[in-house]
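See structure below.
The values are calculated or read from the model by the stated rules, or taken from the named source; none is laboratory data. Quantities reported herein were computed from a predicted structural model and do not represent experimental measurements. Quick reminder, even Gly has a Cβ in these numbers, built from the backbone with ideal geometry, and neighbours come from all protein chains shown. These area figures cover heavy atoms from the full protein model, side chains too; ligands, DNA and RNA do not enter into them. Shrake-Rupley method; radii C 1.70, N 1.55, O 1.52, S 1.80 Å.
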Amino acid sequence: MHEFVRLQNCTITYRTSKRPIVSNIDFSLKKGDRVLIGGASGTGKSTLLALLAGLIPEYIPARITGTVSIAYASRALVMQNPEAQIVTPSVFEELAFALENKNIPELQIVQKVEAILKLAGLYDKRDSHPLSLSGGECQRVSLASALAQEADVLFMDEPLSYLDETSSSSLVALLEQDERYDTAVIVEHRLELFKDYCNRFFKVTDGTIEECKFDELIKNHCVFSAQWFSQKDSHVAKDDKKTIIGEPVLSVVNMSHSYSKNNKNLLFSDVSFTVDAGTTVVIMGASGSGKTTILKKIAHILTVGINEVVLHGKTKYSMQYVRETCFIVPQNPEHMFIADTVLNELAVSSDKALEYLNQFGLGGMERRHPFSLSEGEKRRLNLCVALALERKLIMLDEPTYGLDYESTRLLIEYFELLKQNGAAILVVTHDRGFAEAIGDTILVLEQGKLQTMRHMAI
Amino acid sequence: MNKFNPIAVLICSVILLIPLLITFDPITPLLYIVFAILMYSIAGLKNPLQYGKTVLVFSLLALSLVVINIIAPNVQQKILERSLAIYLRSLGLIMVSIGYFYVISPYDVVYALMQTAGLSPRIGFSLFAGWNTVPLFIRDMNTLKAALAFRYGRKKIPFRTRLFGAIILLSHAVRHGERASLSMAVRGIDSIPVKKVGSRKQYLRSSVKKVYWTFKDTILCIAVAIGSILLLLISIQLGWFKFELG
């Protein structure tokens, strides 16, 4: 069988660091191998993928020792952060970009791109600017662009992170059905989705890689569920304090939104729900359904209609009141950081800050720069800040994006801490398992209407 | 999609700007303003209302020149007539310059430079990526503004925090740029086949979006050049035209 990649005793060290990010790696990739790589965040999975894809050291400077031999003729790569990878002004041109660079005749390009657009469910968006799409749609563009290349090997770094369950499943089904994508290397946290597609599984632990069975890889990555959550030992210091459901903090009443100027094409309409103190409400829905728009409207980042958002029973309030009541954690938690140390982020007295940091498992990190924390730690620091600021309504946008299993598990546990402190939590996510694990009430935004999937028993 | 090659429209705009730069009477600029509007309408003026609003805003600049001319006139005679001439000439220059951007998409200018003028695709698509960074930068800025507002509530945001915010924004912009560059690299921007034609490099890259120079572009340029010369001749013949530079 033709060997595409061989790594022998390979060690990679970034120029900014003395410690290798991956060390003594032995790995081979043959035609027909569909490799799934799992492991915690920060263990070197993406670095390994970049090496296999030939990006190190040519495009990403790093020192390599050992032997690297790459023999594939072409490769396609799906990277994280799809929005930042957009080059051209339309979805169609974005998919054609790599094919144009190969100087393939235009007619063939058009045929290939149109076929992929239909398969990826993007045909009606072909003339849209990719940056006008939602995060999930943008990720589908990035994936479709890679698939259109029909490369020898497909490298994918967290290709499903922005996608909802349906889109993820249909993408994996597309890979399974099409023989053109028979060799791939995938780094992903949602391992179970690639179980049938992949035929080799690797576990990355602290910069070393080890081939294993799928069951071994998934062992610590089980799907979240409410039952699972109740069975687990909690990291959060348990006390006798019980969560008490309080008064409604937020009521959304008949909210609707349209991004068109004349209010045609409503994204959603008649959206109504309530979030009580000490409870978590989760809004689920497909990419582009308007989940984040609801959060932005509640936070008054987008225009709100009269009486659409009721805070603490008040329909009339100032923007200052909104800002003193709510706290929003965006998809990228770095956007909330405004200080150069973890301690300074909290902006409260040192003793109190240390107490909060210890509660959220961030003890000992007070002097670190917030950007140097792991993705899970960054989100926990955001929650810690919200608690320090005594905000009554905490809103989180896709909080599991980029989180590994352990970080997600910890995040779930720390939600309880917030609830015990009387916070009302509103989460938007496409991660069903996560929603089931945390949601007292689960709402689904589908075709512009909000439906209740689960409502807490009081 | 533009009706004409952006380079052709640029040439036409320059053809219209030259007489506006040398004329100093109230009637000739008016003729060229009407001609420019006609030309841009044929070339595919997008959003005329917004164009009008933008021109209105920039026309304040023309008004300020009039005020300066009234307060401190260069020549003491016919102050009002000269002021009107200054206003109309400045307005004409503004309308022609701004009009170009309401006809042409910035992406198409770059496509035209790549397909017509042999601009390297690496540079051309880097300009695309740079232009794409603008909405991402604005989004990041709005998110940061919201973050600061939610973090500080009623309290005043310290200068140090604002400064730190600016640094964060810049670091995000650099990251966007790096990712876009990597995205182009993995999709083969650096391995486009090249053919040497004399001392020039020709990039063998197909393109589903054609922004080539066509016969109608040549016709547009010729028509605008002839029209512009005719207008100038008519203005001279009827004694309207007054020459003055600056």
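Below, the figures for the structure above:
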quantity: Qualifying residues in region A:268-288 (those that are at pLDDT 85 or above and aliphatic (A, V, I, L, M)) - the one surrounded by the fewest Cβ atoms within 10 Å (Cβ to Cβ); calculated: A:Ala277
quantity: B:Ala62 touching a residue at least 40 places away in the same chain (Cβ under 8 Å) and not basic (Lys, Arg); calculated: no
quantity: Which numbered condition B:Trp213 fails, given (1) under 30 Å from B:Arg89 (Cα atoms); (2) of a type in the set (A, V, I, L, M, F, W, C); (3) part of a loop (DSSP other than H, G, I, E, B); (4) modelled with pLDDT of 85 or more; calculated: (1)
quantity: Given (1) within 14 Å of chain A (Cβ to nearest Cβ); (2) open to solvent by less than 50 Å² (accessible area, probe 1.4 Å), number of the condition B:Gln202 does not satisfy; calculated: (2)
quantity: Test: residue in region A:374-391 that is within 11 Å of another protein chain (Cβ to nearest Cβ), surrounded by fewer than 17 Cβ atoms within 10 Å (Cβ to Cβ) and under 27 Å from A:Leu443 (Cα atoms); calculated: yes
quantity: Contacts under 8 angstrom Cβ, first residue in region A:1-27 being closer than 15 Å to A:Ala50 by Cβ, partner among the aromatic types (Phe, Trp, Tyr), 6 or more apart; calculated: A:Val5/A:Phe27; A:Val5/A:Tyr72; A:Leu7/A:Phe27; A:Cys10/A:Phe27; A:Ile21/A:Tyr14; A:Phe27/A:Phe202
quantity: The listed residue being out of contact with any Leu (no Cβ under 8 Å at 6 or more places or on another chain), open to solvent by 70 Å² or more (accessible area, probe 1.4 Å) and farther than 29 Å from B:Thr214 by Cβ, out of B:Ile71, B:Ile79, B:Ile18; calculated: B:Ile71
quantity: Count of residues meeting criterion [touching a helix residue (DSSP H, G or I) at 6+ places or on another chain (Cβ under 6 Å), open to solvent by less than 10 Å² (accessible area, probe 1.4 Å) and farther than 17 Å from A:Leu362 by Cβ] in region A:395-424; calculated: 1
quantity: Any pair with Cβ under 6 angstrom, 6 or more apart, that starts in region B:127-147 at a residue that is more than 9 Å from every other protein chain (Cβ to nearest Cβ) and ends at one that is hydrophobic (A, V, I, L, M, F, W, C) and buried (at least 20 other Cβ atoms within 10 Å of the Cβ); calculated: B:Leu127/B:Val110
quantity: Single condition A:Val110 does not satisfy, out of (1) within 24 Å of A:Leu191 (Cβ to Cβ); (2) within 13 Å of chain B (Cβ to nearest Cβ); (3) hydrophobic (A, V, I, L, M, F, W, C); calculated: (1)
quantity: Within region A:313-331, considering residues that are more than 7 Å from chain B (Cβ to nearest Cβ) and touching a residue at least 24 places away in the same chain (Cβ under 8 Å), the one nearest to A:Ala388 (Cα to Cα); calculated: A:Thr325
quantity: Scope region A:19-65; condition of a type in the set (Gly, Ala, Ser) and under 27 Å from B:Glu178 (Cα atoms); matching residues; calculated: A:Ser23, A:Gly38, A:Gly39, A:Ala40, A:Ser41, A:Gly42, A:Gly44, A:Ser46, A:Ala50, A:Ala53, A:Gly54, A:Ala62
quantity: Options B:Val174, B:Val211, B:Val194; residue that is surrounded by 14 or more Cβ atoms within 10 Å (Cβ to Cβ) and more than 10 Å from chain A (Cβ to nearest Cβ); calculated: B:Val211
quantity: Test: A:Val253 is assigned to a strand (DSSP E or B), open to solvent by 30 Å² or more (accessible area, probe 1.4 Å) and modelled with pLDDT of 60 or more; calculated: yes
quantity: Check on A:Glu176, open to solvent by 10 Å² or more (accessible area, probe 1.4 Å), free of Cβ contacts under 8 Å to residues at least 24 places away in the same chain, among the charged types (D, E, K, R) and under 27 Å from A:Val204 (Cβ atoms); calculated: yes
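Here's the yes/no breakdown for (1) modelled with pLDDT of 80 or more; (2) in a strand (DSSP E or B); (3) exposed (fewer than 13 other Cβ atoms within 10 Å of the Cβ):
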residue	(1), (2), (3)
A:Phe202	yes, yes, no
A:Glu211	yes, yes, no
A:Glu216	yes, no, no
A:Val223	no, no, no
A:Gln227	no, no, yes
A:Asp239	no, no, yes
A:Lys242	no, no, yes
A:Val249	yes, yes, no
